[in-house]
Amino acid sequence: MTDQSSAGLSEPRAHIVKDTLRVSDLDFQRHMGNTAFTEILANARYAFMNEQVRPAVGFEPIIALVRLEVDFKGQVHHPATITTETRLDRVGRSSLALAQRMLVGTRLVASSRSVFVLTDRSSGAATPWPQEIRALATTPELEASHP
């Protein structure tokens, strides 16, 4: 279950996604497995990109994930509600970086950084981000469209 909201932001300009830890997310030690961390982070990145980036660039260009770093900071045990904060960290000419924090309550359990490159679908060449995306980097608060 995923709930998207920007209420009660702990990071400025953060896009918030809340998930409920599922039994299928557990490993043999009965805590959240590493693959579940990456899946939950991916879902939050997708929500951010779908709500904040795709409306400005459309679906014709390819937004390619070219770098992903995950730092595991703490264990998560069932039951748990996981809050993932995603924010635009940097916009380059054709790349953008997202920073993410994953929390259980106020406890940081993971952080992540990812880099995407906007590419032309037919040529595969890197393409500059439109001004609307650059403006996101200075928006005081990103709001999810699904409270």
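Numbers for the structure displayed
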| item | result |
| --- | --- |
| Hey, THR138 more than 20 Å from ALA42 (Cα to Cα), at pLDDT 95 or above and not aromatic (Phe, Trp, Tyr) or not | no |
| Residues of segment 44-72 that turn out to be closer than 18 Å to THR83 by Cβ and either surrounded by 13 or more Cβ atoms within 10 Å (Cβ to Cβ) or in contact with an Asp or Glu (Cβ under 6 Å, 6 or more places away or on another chain) (or both), as a count | 9 |
| So PHE48, is it within 16 Å of ILE133 (Cβ to Cβ) and either without any contact (Cβ under 8 Å) to a residue 12 or more places away in the chain or touching a Cys at 6+ places or on another chain (Cβ under 7 Å) (or both) | no |
| Output for segment 73-95, where each listed residue is open to solvent by 80 Å² or more (accessible area, probe 1.4 Å) and aliphatic (A, V, I, L, M) | none |
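The values are calculated or read from the model by the stated rules, or taken from the named source; none is laboratory data. Since this is a predicted model, take the numbers as computed values, not measurements. All Cβ positions, glycine included, derive from the backbone under ideal geometry; neighbour counts span all protein chains shown. Ligands, DNA and RNA are excluded from the accessible area calculation, which covers all protein heavy atoms including side chains. Shrake-Rupley method; radii C 1.70, N 1.55, O 1.52, S 1.80 Å.
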